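Note sheet for the following structure.
The values are calculated or read from the model by the stated rules, or taken from the named source; none is laboratory data. Just so we're clear, the structure is a prediction, and the values are computed from it rather than from any experiment. Virtual Cβ from ideal backbone geometry, glycine too; neighbours counted across all protein chains shown. These area figures cover heavy atoms from the full protein model, side chains too; ligands, DNA and RNA do not enter into them. Shrake-Rupley method; radii C 1.70, N 1.55, O 1.52, S 1.80 Å.
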Amino acid sequence: MKFIKLLPTSLIGLTLINTLITPMPALAKSAKVQHKNQQADLTQLDVIPETAPEADIETEERENLPLEEVEVKETEVEVDSELESKAEDRENTAEVEKDPESEEASKSENEADSKAEEKKPTPEEIARLEKLALADQLYLAGDKAAAVKLYREAKEIWEIESEKSTEKPELAVFSNPDQLSPAGKVFWRNYQQGKQQQLSSKVVSSLKLLTTREPQFLPGHIHYAEALLGYEREAESLAVLNRAVNLYPNEPVILRAKMDADIAAEQWLDASIMARQYALFNPDAPQAEEFNQLAEEYLAKYQSSLRSSITWNAIGNAIAGTVGFALTGNLFGPLSALETTSLLLKGESAVGEASVKQITKQIPLMKDKAVNDYVNQIGQKIASASGREEFDYQFYVVMDDALNAFALPGGKIFVNVGAIMETDSEAELAGLLAHEVSHSALSHGFQLVTKGNLTANIVSYVPYVGNTASSLIVLNYGRGMEKQADIFGTRILVNAGYAADGVRNLMAQLESSHQDEDHPEPPAWLSSHPNTKERISYIEELIVDQNLNRYSYEGVQQHQEIKQLVTEKWQEYEKCLKELDVKSAKSAKQCELEEENITEEEVTEKENIVDTPLKQ
């Protein structure tokens, strides 16, 4: 346990306020304009006394003139005034037409000021972050009780928490039919009779009622699934087992039944993932070691089956004279069918390594050591709790202010600077990384590769803000995989020592901030995933049902400091893009490289950067 000296509350608040509130360009601009106006007012006051006597003389002369001459003079004055007005209009028009760049620059500056003002935290938000920062210090110092008290004060109570607190406590699970209620015993007896009489309707209806009324009787679910499978109703049988797993994810007897069903269907990877999750999240259980061994055994069988499938596909393609099964596209290739087969046979890590080499050549990355170390430290902590120790996890920070992240096979994770700038705490960023690490740990990306090719599942290339750099990747994993990553990610987030609601809080914040007309589109990371409200709902349910601790370490103070540093780096990068008038990925990487003082020629020679045009 790391002990630290506690700072006074007032000092924490002052530090956070200094971090959160940076000088606004709009305020500085406003001050300059105000000073200029004041000088103009003083000049006008100085001029009035000098011109007043001349005005009096002109008035006297006019009074002594005949009426006709006065009218003529007034007409001349009106004409002169009108001509002067038209001349001024022409000058103003010419000035505007002559300097459209100045107008555009002014417009961009105003938009930037408005955007910065929007992101400025409210006093309430600052107060909440101050409280969380103090709670973090107490937590790290070992005073967990005082820390939890502050965490609770800073976080709102969820509706599902209120509902659960009024519900009756859950009944303990059991396997002995003698413990069934009188009604349950009737259902169980009817099931036995239906089986002897070979009456499928009686068997199915009795077990359905039994598992609905008394789900805590675990053998009921297993018998129900077996009966449906015996009547060749495979989909229904699988649905029964999935429901049982959702109700009792830590009950070995239920998990074994589901793994047996997966093995019968030769779904070795699914069986491996289920065994790994149990061992990972129940390390003190008597069956933990056994399930860990099963996870490795099933994974080995999956890889063996996959190699066989890949080899025969490659032979079939060679005989047919086709080049199918090749990875294509500017991101990963092109690779020939033979090269692709060789790569896939080497496994997930090889695919990830090959992919990351192409990507890092094409997209600009953060080069600041403090930022990269911060993200890598969080990422490695999450990865160590994922259960896939064979992967060489690597974390890259992409120079893009959109909130997005993506994972490649073998533990290669990319996260945008926008994700750092949009999050308020280390726990929120860790939650995002945990979701992406889960995609790697659960072999989601590799499954996409082996089912076709990875580039076919890259659903879009999302242009950087301002269309000034290369594109990032949004992978289409499907709803099932996304839910798996949400749930697995939340569990490993807790195992890594963070508050369980990290990614849930990020989702809720982004969901609420994109409900108005000014922000109609959700961030790329949310737009490529299932319905956000649905995700928030099942993550909250998971946390409450599994009693996962959401009153744990948040990591506010250091995150706010890194967030400010990243914001400054992004502003420098944006300025560079505008100065160079960036139109391609290669040009964007020049801005990335300036921070290390490396010439473009040196890097082009070293990495052979691909000059990919940007989408406009």
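Among the listed residues LYS563, LYS589, LYS569, LYS583, identify the single one that is modelled with pLDDT under 90 and open to solvent by 30 Å² or more (accessible area, probe 1.4 Å). If you could, list the steps in order and put the result at the bottom.
On the way: LYS563 fails: modelled with pLDDT under 90; LYS589 fails: open to solvent by 30 Å² or more (accessible area, probe 1.4 Å); LYS569 fails: modelled with pLDDT under 90.
Step by step, each of LYS563, LYS589, LYS569, LYS583 is checked, and only LYS583 is modelled with pLDDT under 90 and open to solvent by 30 Å² or more (accessible area, probe 1.4 Å).
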Positions within region 275-299 being polar (S, T, N, Q), out of contact with any Pro (no Cβ under 6 Å at 6 or more places or on another chain) and either without any contact (Cβ under 8 Å) to a residue 40 or more places away in the chain or farther than 12 Å from ARG491 by Cα (or both), in sequence order: ASN282, ASN292, GLN293
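Given GLN267, GLN192, which one is over 21 Å from LYS483 (Cα atoms) and out of contact with any Phe, Trp or Tyr (no Cβ under 6 Å at 6 or more places or on another chain)? Please lay out each step first, then the result.
On the way: GLN267 fails: over 21 Å from LYS483 (Cα atoms).
None of the others qualify; the one that does is GLN192.
Which residue out of LYS361, LYS381 is part of a helix (DSSP H, G or I), under 19 Å from VAL503 (Cβ atoms) and in contact (Cβ under 8 Å) with a residue 12 or more places away in the chain?
Details: LYS361 fails: under 19 Å from VAL503 (Cβ atoms).
On inspection, the qualifying residue turns out to be LYS381.
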For region 402-428, what are the residues that are within 20 Å of ARG550 (Cβ to Cβ) and either aromatic (Phe, Trp, Tyr) or in contact with a helix residue (DSSP H, G or I) (Cβ under 6 Å, 6 or more places away or on another chain) (or both)? THR423, SER425, GLU426, ALA427, GLU428
Go through (1) crowded, with 16+ Cβ neighbours inside 10 Å; (2) at pLDDT 95 or above and name the single condition ASN176 misses. (1)
All but one of (1) open to solvent by 10 Å² or more (accessible area, probe 1.4 Å); (2) in contact (Cβ under 8 Å) with a residue 60 or more places away in the chain; (3) not in a helix (DSSP H, G or I) hold for PHE395; which doesn't? (2)
Of the residues in region 363-392, how many are buried (at least 20 other Cβ atoms within 10 Å of the Cβ) and under 24 Å from LYS589 (Cβ atoms)? 6
Region 398-428, residues that are under 19 Å from ARG276 (Cβ atoms) and outside any strand (DSSP E or B): PRO409, GLY410, GLY411
Does region 274-288 contain any residue that is at pLDDT 90 or above, surrounded by fewer than 21 Cβ atoms within 10 Å (Cβ to Cβ) and at positive phi? no
I'd like to know if region 123-138 contains one or more residues that are more than 20 Å from TYR553 (Cβ to Cβ) and either at pLDDT below 85 or surrounded by fewer than 13 Cβ atoms within 10 Å (Cβ to Cβ) (or both). yes
Every residue from region 216-249 that is part of a loop (DSSP other than H, G, I, E, B), open to solvent by less than 50 Å² (accessible area, probe 1.4 Å) and more than 20 Å from ARG189 (Cβ to Cβ): TYR248, PRO249
One residue from ALA419, ALA427, ALA441 being more than 30 Å from ILE126 (Cα to Cα) and either open to solvent by 10 Å² or more (accessible area, probe 1.4 Å) or not polar (S, T, N, Q) (or both): ALA441
